[in-house]
Each structure stands twice: as structure tokens, then as C-alpha cells.
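Here's the structure, in C-alpha cells; my notes come after.
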């Protein structure tokens with residue numbers, strides 16, 4: 001029975017980038033009171049849980065992923081009292097709240113690192129990863145930062161290098177030290193005791209490094225574009241030892257009722273499934289990015305064959321009892337409508353909300369927001385600032401711009417008197433929540449219809465998945481079924497050609513539940529199903 005599914009299995013997770021959601025105090029940056037202002041919108045949208053990107057005190061060298069205090073709120077976003085009020089108001093509306101946990105690294109301003117850096121003899125020296133210089137005085141090995149340059153910075157005061165795989169101000173914690181493990185577990189308990197519903201764990205596979213500090217091997221497929229890909233991260237990411245750390249973290253979650261841990265894992269399927277744990281004792285859900293990248297980490301082509309291949313490959317390797325999940329966008333990925341075109345964005349949302357497993361939606365995707373061009377003098381994202389020659393490849397500012405609420409000044413994100421921290425989209429006066437609220441054919445109302453259908457129907461939020469052959473180029477179809485309940489057929493056209501399909505091998509007749517292009521619940525003949533360009537249908541299959 002569907003009653004046995006946990007909330008995180010049945011629900012939709014909605015990621016909020018707090019800087020860009022709603023400014024409540026006129027400083028041009030979003031904050032926690034702003035999120036509270038928009039909770040009714042989120043409840044009406046049909047999502048079930050909010051995931052907040054980092055809101056901790058931070059010097060913001062990586063916009064909050066450089067944490068200076070794990071147990072407080074950055075004044076930019078508000079106070080702990082504001083957080084408590086947000087949590088209470090979220091729960092009052094029947095929604096859940098997840099925080100971003102950043103265990104791999106801290107800010108260099110975190111008290112732990114200040115102590116560690118003060119002396120080789122300091123008790124916290126071994127809380128971070130320090131190494132002597134190479135014989136030539138350079139970095140200890142060839143490990144690279146994802147944000148440009150070596151992954152090592154020399155500290156003249158103590159004569160050693162410290163490790164950072166991101167900006168230099170993000171030193172990495174040493175999880176070979178049991179005290180570090182206990183300290184992070186205490187951080188988790190601090191927020192769990194407050195009543196949060198779980199964590200999304202940043203770069204969860206980075207927490208364990210090679211004890212011999214061996215050079216990473218050369219990447220034979222490197223094309224010379226992204227410097228950090230020159231070497232394969234064999235000794236810096238996804239080492240076997242990380243799984244014991246994650247099991248300890250999961251044990252903390254399991255001290256509390258009904259909580260969830262989602263791990264960020266950009267790894268091939270064979271590695272991804274290991275993050276469930278041998279006994280389902282690690283992540284409840286390791287994030288699955290199969291709709292965005294291939295097994296080889298190249299951008300996944302947006303066509304029916306490739307998407308079907310990605311879905312089936314992932315489904316095939318899931319361990320028994322392992323719950324699937326799907327992601328189409330986040331704060332590190334260009335906006336869906338910019339990657340695949342606005343005409344396909346509805347198809348993408350239909351895919352996301354009807355596959356088997358838990359979907360995660362990035363704020364603004366429900367109204368079809370696109371990347372925003374960032375003038376050079378307003379670029380803020382560290383990888384783009386550090387590597388201006390490849391800023392167009394690595395910059396993440398374009399997908400982090402303010403939410404488009406209405407056609408008024410600053411899109412309703414902030415008062416007219418301020419300049420938002422990032423530029424607004426040129427089309428915000430047309431593409432915004434207020435305009436789409438009143439249009440029954442809008443992307444927003446289409447998304448709501450999908451979300452509410454998913455919540456209401458056991459076959460969609462908990463049923464089985466099976467691909468359906470269509471014999472049509474660039475059409476992907478699949479069944480969602482649950483014993484004792486209505487079943488559904490999802491048919492998605494990834495191209496600009498109209499198709500007439502014979503799907504009579506599924507059933508003879510069906511009725512339209514949700515469509516990308518029309519408001520109709522009429523019957524359709526599956527022997528002669530006409531599917532228009534860029535069209536998707538969710539069909540209730542008659543028994």
C-alpha cells in the first residue's frame with residue numbers, strides 16, 4: 001500500500017537558492033524572512049519539501065559553501081530566530097525542510113582552521129590535511145582544484161601546504177581523524193534537534209582521500225578545456241573509505257524519526273549505487289544526475305533515445321529497495337530552458353515529475369526561467385572569476401539570478417530602490433509568477449497540475465516503471481503502474497515533428513490526465529495517437 005512510502009519517497013523536493021528567492025529587508029539579497037513570505041506559493045505549487053542552499057555564517061568566497069560556523073545563520077539571511085520561525089511556518093503548512101550540509105571543507109575563518117593553522121603543535125592541526133612541500137618546494141602532488149590551479153596552498157607560518165579542492169579559502173577537513181567525524185555528527189544533531197527533516201550533503205564522496213597522497217593519473221580523454229579534468233580524481237574522490245564515514249552520518253539520522261539524507265554524487269551508476277550502503281545504511285538517496293550527464297560525464301543529449309537509455313541504465317542497477325531520484329537542474333547547472341530550449345521545457349518537467357522516484361526541482365524551473373547573461377563587471381562565481389578565459393564554461397551566476405515574481409520593479413524580488421545582487425532576466429516582465437498565475441495554459445499551472453496529479457495517484461508517486469516501444473523517432477514512452485490503482489502512460493515527443501503512434505499494444509483507449517499543449521480530459525484512441533511537436537501527454541489508461 002502507498003501508505004508505507006516515506007514522505008521523501010512520495011514527495012517533490014524544491015531547491016531554494018536563498019540569495020535569489022526573496023529579499024525582505026531591501027539589501028538586494030534574498031533572506032529567510034523572504035522565504036517565509038513565499039511559503040504559501042510553495043504550498044500551492046504542490047511540492048513537499050524545501051532544500052535550502054547554505055545559510056551559515058560565511059565570508060562568502062564560495063557563497064556559503066565556505067562555512068565559518070556550522071551552528072548559526074549568516075546575518076545576510078537573518079537570525080537563528082528567523083530560522084526557527086521558518087521551520088515552524090514550513091511545518092505548519094505540511095511541508096518539510098532540508099538544510100545543505102557541507103562536511104568536506106570549512107572556511108579558512110572557521111575557528112577550527114584558525115587553530116589548526118596557528119601551529120604544527122596545535123591539537124586541531126590534524127583536523128585538516130597538511131603536507132610538507134615536494135622536494136622542489138612546490139605542492140605535495142598534482143591534485144587540482146575544481147576552481148582553478150593546484151589544490152594546495154602554502155602556509156608560510158607553519159611551512160606546510162593545506163588541501164582545498166575548491167577555492168583557497170576552503171580548507172578540507174581530515175576525516176581520518178575520529179574527532180572530526182564526531183564534531184560533524186554533533187553539527188548534524190544541532191539541526192536535527194531543532195526539527196529539520198534532513199540534509200542534502202555537499203560533495204559527499206570527497207571526504208576521504210588517499211592516505212599515501214599519490215598523484216592522480218592523467219585523464220586520456222582530456223580535451224584541454226577544463227583544467228581540473230586534466231587528471232582523473234582517483235585518489236581524491238569516491239574512495240572506499242568514505243562509505244564508513246557516511247554510515248556514521250546515517251546512524252545519526254537514524255537516531256531521529258522520519259529524516260532523510262541526500263548525497264551529492266556525480267559518479268557513474270556502478271559507483272552511485274554504493275552510496276545506498278550494503279544494508280541501506282548510507283544515503284537514503286544518492287543524487288542521480290542521469291538526465292543531465294552521461295556515464296562519461298559529458299552533457300547528455302536531449303533526445304528520446306539518450307534519455308531512455310539513461311533512465312533504463314539507472315533503473316537496471318538500483319539495488320533492491322533502493323529508492324530512485326531525478327534531477328534536471330540546480331545551482332551548479334545551466335537552466336533547463338537554456339540547455340534544451342523553451343519548447344522542450346514542459347516536456348522536461350513532465351518527464352521529471354512522472355518518472356519513478358523522487359524529483360528535485362530548482363527554483364524558477366516551474367515558470368521556465370532561463371540563464372541570464374552576466375556582464376563581466378558583475379560576475380561573482382569563483383570559478384569564473386578565477387578563470388575568466390573559460391568563464392562561459394564554468395560560471396554558475398547565470399542560473400542563480402533572482403526569482404521572477406511579477407512585472408514590477410526588480411521582478412518583485414526586491415524593492416525598487418535597490419540593485420539585486422545579480423542581474424534580472426531581460427524577460428522578467430513577461431515571464432513571472434503573477435502573469436502565469438492567471439493563464440490556465442502557463443508553465444506554472446502546467447507544473448501544478450503535474451505535481452497535484454503525482455501526489456494524488458499511487459501509480460505516479462509509488463508505482464512501477466516500464467518503457468514502452470513507440471516505433472517513432474525521438475518519442476519516449478513509459479508506463480507507471482500500481483496494483484489496485486489506475487495506471488498511466490506517459491508519451492513524450494523530444495522533437496519538432498508530429499507523430500501518429502500506434503500504442504494499441506498498451507491498451508485500446510485512454511483519457512488525457514495532463515497535457516503540455518492543451519487543457520483537455522478527453523479520450524484518445526491509442527491505435528492512432530497524434531502527438532504534436534514538443535508535446536507530452538500523461539494518459540490514464542483504461543483497464
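Laboratory data are not the source of any read-out in this text; all were calculated from the coordinates shown. From a predicted model like this one, the values you see are computed outputs, not experimental measurements. As a convention, Cβ positions derive from the backbone with ideal geometry for all residues, glycine included, and neighbour counts pool all protein chains shown.
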In whole µm²/s, the translational diffusion coefficient that Stokes-Einstein assigns to the range 464-541, given a Kirkwood hydrodynamic radius over C-alpha pairs, 25 °C and 0.890 mPa s, equals 198
From the Cα centre of the range 357-403 to that of the range 252-295, the distance in Å is 25
Rounded to the nearest Å, the spacing of the alpha-carbon centers of the range 75-102 and the range 472-543 is 40
Simple spin-label estimate for residue 386/residue 533, 7 Å along Cα→Cβ, in nm, reads 4.4
Expressed in angstrom and rounded, the centroid-to-centroid distance over alpha carbons for the range 425-464 and the range 46-73 is 27
With the convex hull built on the alpha-carbon atoms of the range 226-299, volume per residue in Å³ sits at 103
Helix-only [θ] at 222 nm, the chain, -39500 (n - 2.57) per DSSP H run of 4+, per residue, nearest 500, equals -7000 deg cm²/dmol
Projected area averaged over all directions for the convex hull of the alpha carbon atoms of the range 187-277, nm², comes out at 7.3
For the chain, the longest principal axis of the Cα atoms and the Cα long axis of helix 178-194 enclose an angle in degrees, to the nearest 10, of 50
Exposure proxy check on 289, 182, 231: fewest-to-most Cβ neighbours within 10 Å is 182, 231, 289
For the chain, the longest principal axis of the Cα atoms and the Cα long axis of helix 443-456 enclose an angle in degrees, to the nearest 10, of 90
For the chain, the Debye formula with one identical point scatterer on each Cα and no solvent gives log10 I(q)/I(0) at q = 0.12, 0.13 Å⁻¹ as -1.21, -1.41
Once both label points are put 7 Å beyond Cα along the C-beta direction, the residue 518-residue 118 separation in nm becomes 7.3
Each label sits 7 Å from Cα toward the beta-carbon; between residue 193 and residue 155 the label points are separated, in nm, by 2.9
Between residue 407 and residue 25, Cβ-based FRET efficiency (R0 22 Å, step 0.05) works out to 0.45
In degrees, nearest 10, the alpha-carbon axis of helix 80-92 is tilted away from the dominant principal axis of the alpha carbons of the chain by 20
Fewest-first ordering of 60, 261 by Cβ atoms within 10 Å yields 60, 261
So residue 438 and residue 92, fully extended at 0.36 nm per residue minus their Cα-Cα distance, gain in nm 121.9 nm
Note: residue 279 to residue 177 extended length (0.36 nm per residue) minus current alpha-carbon separation gives 34.2 nm
Length gained, residue 186-residue 214, 0.36 nm per residue minus C-alpha separation, equals 6.9 nm
For 116, 504, 24, 53, ascending order of other Cβ atoms within 10 Å (fewest first) is 504, 24, 53, 116
